[in-house]
Every structure is written in structure tokens, then in C-alpha cells.
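Every number in this text was worked out from the coordinates using simple rules, so none of it is lab data. Computed from a prediction, not measured in an experiment: that's the story for all the values here. No Cβ is skipped: glycine too gets one built from the backbone with ideal geometry, and neighbour counts run over all protein chains shown.
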Amino acid sequence: MPAISLEQISKSYGEGAGLAGAGLVIPRLDLKIPEGQFVAFLGPSGCGKSTILRMIASLEAPDTGRVKIGGEDGVRGSHGENTRVSFVFQDPHLLPWRSAIENVRLPLELERTSGDHTELSRQALERVGLGGALDKMPHQLSGGMKMRVSIARALVTQPHILLMDEPFSALDEVTRFRLQEDLRMFWKASRMTVVFVTHSMSEAAFLAERQIVLSQRPARILVDRVSSLGDERDEHTRASLAYAQEVRELQLRFREGEEGAS
Amino acid sequence: MKHFWTRFWPPLLLLVVISCLFEALVRVGVVESFLLPAPSEVFASLYVDRAELMFGLGSTAIAALIGLGLSFVCGVLIAVVFSLSEFLKKAFLPYAVFFQTVPIIALAPVLVIWFGFGQPTVVASAFIVSIFPVIANSVFGLQGTDPALLALFKLHRASRIETLLKLQLPAALPAIMSGLRIASGLAVIGAIVGEFIAGGGLGEVVDAARTQQRLDKVFAAVLLSSVFGLVLVFCIDLVSRRALQSWYMERR
């Protein structure tokens, strides 16, 4: 059973929504994402990638069609009881009045998870390499550290599905590379389903098992391909020929898709 | 201390210069003393009439503080209700804005009819003029919650109350405190206006001294009420800086 399945979903915004394609963002999209897959959504900015992510998270309902999470209707906040979903935004969005560990605790408090919240939060922060900054306030942390706290907050519930909306795009390259490598590690350790939105082909090539390229809005799927890179990816992968070919392949397919569409 | 002086010596110098100027004008006889008292006369009144002035200040201060406290509690509660119900907000907010434009001077005689002569009318007057900035700022603060964080709370199935207590109210705190800061000055004004009509406090001192042509005493009372307003604002600044200390830096 797929973890996420989108059935004929469409979504419009703004003036004349629904009228002859005006404001149409997503037209009748079909997509299945199997459990444990790492998928990257690529596409030009404003194409509707984030909207798809928000619909998977049930933060927005599609105008038509159905979003199923773990085989159940995921519409309007009612995920299947046992499906835990986490979301990482483009910016860390921490609560400034809570320390790092208190920020990570938040989802456990809200979901009334059983177990020792403080201990679980401490472990999550240690996993992202912030074991020494538990009681730091957000304003005392660097941009990269804040994003690590944000990732720890998403991982602390041990989600089945992790949704990420361009989480590393505001970071410097060194920090971004390191976080990408760490994310691969977390994914391999837990085998959660990851849906990762980005506009960087090299990022999608490095991270994902499957890459989906979307067109300008209204968003159609131009490319849906499986990565040819192996499971083991680390800092050395970036210097490999296989990785360069993978990025090149993605670019070519992207261009083909664009030409085919126009 | 050095910082204190570099900041405060220009206004202090100006105060001294202007005081001396007025003193000279009155002494020389350019301005009659019953039109504008010399600063020395005002300071003399502060000492001579100290018992009456201090008693008045105490009464005004208590009324203003009670009015301000009520504004804070009621204002935040009303804003919370507005944030929970879009319908109530849409229904009431225009009237709240209209209410703000009602001149309290015109309303004060009505308050006397409702609450009688004395403290309750004064408190009501302070409350009415000071509640609006608390409502407006709190509504603004509660509305301004980061949409991404609201989404996060929704994703993790937070209840409406949890979202309010753990996200919206703390996030609105800076706005609420700045509303309270504005309200504090207004509460003092409201109290004194109430006292003009209902009696008691510095308002009555001002009114009585005016009829006795004791302008020195009028100015002494006005000076005291301003100083009290300043102290109030200063205290609120201090409290809000303490409360927001841990995350203040990110906001700036």
C-alpha cells in the first residue's frame, strides 16, 4: 500500500478560481509514493510544489480529488491515527520564547505522545549534533543550528512521513551539504517516507531515490524518474562521475520536458 | 552612569534654561504671576501643599491603576474572544473603533449618574479611555501569528486552546505590552478627567485651585500627575523588557 496517494487532485487560487483554468495551480494530478521512498519535487518557483506538500499534510484541501495517507483519506487534519506526519519549512520557524530543547518538545506535547518528552527531545537534538546547545535560546543559534533544531523537532515524533519545503535553501553551501548528508543518514536509519521540495537539481540528485520535475503552473509532471545513484551517498559522492552524470541527466530530462510541454 | 548623563543632560539643561527664563519673566513683571506662576512658586506649592497633593496623587494613582488593570484584563480577554470568533470580531470591532472616538469629557457626567460621585466613576473613566489601545494591539498581535507556526500546530493536532496558550498569546506579548504602555498614559488622563466631575484626587485639587486662582498649585498638581504617568510608563517598559528579554533580540 502506498504511503501517499494523490488521486486526480486539482487546486485553484485567486480571481476566477475554477473558471477556464484561471488561477489553476494543479490540474488533476495523479501520484503514488510508496512507503519509505525519498522523493524530490523539482520545479520553477511558484509552480505549485509547496501547495502539493501542504495538501499532503492536510493543511489545505484539494478542490477536487483525494489525498490518501496510508490508505485513508487525509483530508482536513484527520490523518489515519497511526500515521505521524512532520513538516520542515524553508525557515526554521522556532518559538523564540522557548529554548532549543523546549522547541523540540513541542510536537510531543501537542500530540500527547507517551514517554519521557525531555529525554526524547534530548536524543533528537543529539542526533542532529546539537547535544551541547540544549538550553540555548533561538537567538543565540546560527542559521544552520536553527535549521538543525527545526529538523530535530520534525524527527522527534519519529514520523512515518517527513515533508520538507526547501529547507536548506537559505543556508550557506557548507552547512547545506552537511545537512543534506545528515538527512540521508536519518532517512537510512528510519526508512521514513520523505517528500522534499527543492528548486536545486544537484540537491535533488544527491538526496532522492526518485525525482519528479513539475512544469510551470498549472503544474504537470514533466519527469518522473528513479535515481541511478546507489544507496550509499556521502561527501565523496559529490565528486563522483556518477553524481555528475545524474545531475546532467536530470537537466536534460528537465529541458526535454519543458520543450515537450511548450 | 556616563551613558545616563550623555542621554539626559540635554533635556535637563533645556528644563533649567526654560525655568530660569520663566522665573525671570515673572520676576521682572513681563508676565503677571496669576497668569503664569514662576517655577519657584510651583516648587514652593509642591512643598507647602504637600499633604493635599500627596493625598490627591495617591487617590488618582489608585484609580488609574485599577482602571488600567481592568483594561488590561478585559482588553486581552476581548481580543482573545475576537481571535476565536471571526463573527464576533466582525460584529464588534467597528463599534470598538467608534467607542474610541467618544470624547470622555462628554461622557463623564453620565458616568457620575451611573456610578455616583467618587472613586467608581473615576475608575470607570480611566478604564474607558485606556481599554481601546489594549484591545487594538492585542487583536493585532493575535492576528499576526506566523502562519507557518499555525500550520505546525494544526499538523500536530493542537486544540484551539493549546494554540492560543502556547502560540498566539506568547507571540502577541510584545504587541500587548506596547498597547499597555499607551494605555497607561491614557488611564492617568482618564482618571483626572473623571475627578474633575466626580471629585477626589489630583483632578479635584486642580479644579479647586483654579477657582481659588492658585495657578501655582494647579501647575504643581499637573506636574505630579505627569511624573506619575512617566513612572508608570517606565515601570511597564521595565516589566516588558524583563518578560521579553530572552527573545527580544530576534525581534529587533
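Result for chain B in a Gaussian network model with C-alpha springs under 10 Å: among B:GLY75, B:GLY185, B:GLY58, the largest mean-square fluctuation is at B:GLY58. Going by the alpha-carbon gyration tensor, a ≥ b ≥ c the square roots of its eigenvalues, is the stretch A:102-209 rounded (a/c under 1.5) or, if a/c is not under 1.5, prolate (a/b greater than b/c) versus oblate? Verdict is oblate for the stretch A:102-209. The largest-to-smallest principal axis extents of the Cα set in the stretch A:206-262 are 37, 16, 14 Å.
Report the antiparallel proportion of the DSSP beta bridges in the protein assembly as shown as a percent, rounded to a multiple of 5. Beta bridges within the protein assembly as shown, antiparallel portion: roughly 50 percent.
Which distance in Å, rounded to a whole number, links the C-alpha centroids of the stretch B:134-182 and the stretch A:206-226? After rounding, the separation between the Cα centres reads 37 Å. Mean partner shielding of peptide A:86-93, defined as the number of other chain Cβ atoms within 10 Å of each residue Cβ, is 3.
I'd like the distance between the alpha-carbon centres of the stretch A:78-155 and the stretch B:34-96, rounded to an integer number of Å. Cα centroid of the stretch A:78-155 versus Cα centroid of the stretch B:34-96: 43 Å apart.
Checking the cross-link pairs A:LYS68/B:LYS90; A:LYS146/B:LYS154; A:LYS11/B:LYS154; A:LYS188/B:LYS166 against a 26 Å limit on the alpha carbon distance flags A:LYS68/B:LYS90; A:LYS188/B:LYS166 as lying beyond it. In the protein assembly as shown, a dipole from Cβ-located charges (positive for Lys and Arg, negative for Asp and Glu) runs towards its positive end, and of B:PRO94, A:LEU59, B:GLY118 it is A:LEU59 whose Cα lies farthest in that direction. Averaged over the residues of peptide A:94-103, the number of Cβ atoms from other protein chains lying within 10 Å of each residue's Cβ is 3. When every alpha-carbon pair in the stretch B:1-110 is counted, what percent end up more than 17 Å apart? Counting every Cα pair in the stretch B:1-110, those more than 17 Å apart make up 77 percent. Dipole magnitude for chain A: computed about the Cα centre from +1 point charges on Lys and Arg Cβ and -1 point charges on Asp and Glu Cβ, it is near 140 debye. Across chain A, Cα-Cα distances exceeding 34 Å account for 18% of all pairs. Shape analysis of chain B places it in the oblate category; the axes a ≥ b ≥ c from the Cα gyration tensor give an a/c of at least 1.5, with a/b not above b/c. In plain terms, chain B is cut at each of the chymotrypsin sites (Phe, Trp or Tyr not before Pro) found in a DSSP loop with at most 12 other Cβ atoms within 10 Å, and the longest leftover piece is B:118-252. Eigenvalues of the alpha-carbon gyration tensor of the protein assembly as shown, scaled by 5 and square-rooted, set the equivalent ellipsoid semi-axes at 63, 26, 21 angstrom, largest first.
Relative to the longest principal axis of the Cα atoms of chain B, helix B:201-211 runs at roughly 40 degrees. Note on A:LYS49: aspartates and glutamates with a C-alpha under 15 Å away, same-chain residues under 8 apart excluded, are A:ASP30, A:GLU60, A:ASP165, A:GLU166, A:ASP224. Proximity of backbone amide H atoms, modeled 1.01 Å from N, is registered between A:VAL25 and A:LYS11, A:SER12, A:TYR13 at under 5 Å, excluding neighbours fewer than 5 places apart on the same chain. For helix B:119-143, report the angle its Cα long axis makes with the longest principal axis of the Cα atoms of chain B; keep it between 0 and 90° and round to the nearest 10°. Roughly 40 degrees between the two axes.
With contributions of -39500 (n - 2.57) from each DSSP H run of at least four residues, the per-residue ellipticity at 222 nm computed over chain B stands at -29500 deg cm²/dmol. Of all chymotrypsin sites (Phe, Trp or Tyr not before Pro) in the stretch A:186-262, which ones are in loop regions per DSSP and have a Cβ with at most 15 other Cβ atoms within 10 Å? Counting only loop positions with at most 15 other Cβ atoms within 10 Å, none of the chymotrypsin sites (Phe, Trp or Tyr not before Pro) in the stretch A:186-262 qualifies.
The C-alpha atoms of chain A define a longest principal axis, and helix A:117-127 lies at about 70 degrees to it. A viscosity of 1.567 mPa s and a temperature of 4 °C, combined with the Kirkwood radius over C-alpha pairs in the Stokes-Einstein formula, give the stretch B:127-169 a diffusion coefficient of 113 µm²/s.
Restricting to DSSP H runs of at least four residues, report the calculated mean residue ellipticity at 222 nm for chain A, -39500 (n - 2.57) per run over all residues, nearest 500 deg cm²/dmol. List each step's numbers first, then the result.
Values: 7 runs with 90 residues, N = 262.
Helix-only estimate at 222 nm: -11000 deg cm²/dmol.
Over its Cα atoms, what ratio of radius of gyration to 2.2 N^0.38 Å does the stretch B:162-252 give?
Numbers: Rg = 18.4 Å, N = 91, 2.2 N^0.38 = 12.2 Å.
Here the Cα radius of gyration is 1.51 times the empirical estimate.
Over chain A, what is the mean sequence separation of C-alpha contacts under 8 Å (at least six apart), divided by residue count, expressed as relative contact order in percent? Please list the in-between numbers first.
Working: 511 pairs, mean separation 62.0, N = 262.
Relative contact order here is 24 percent.
As a rough guide to protection, the peptides B:132-138, B:25-31 ranked by mean Cβ packing within 10 Å, highest first, stand as B:132-138, B:25-31.
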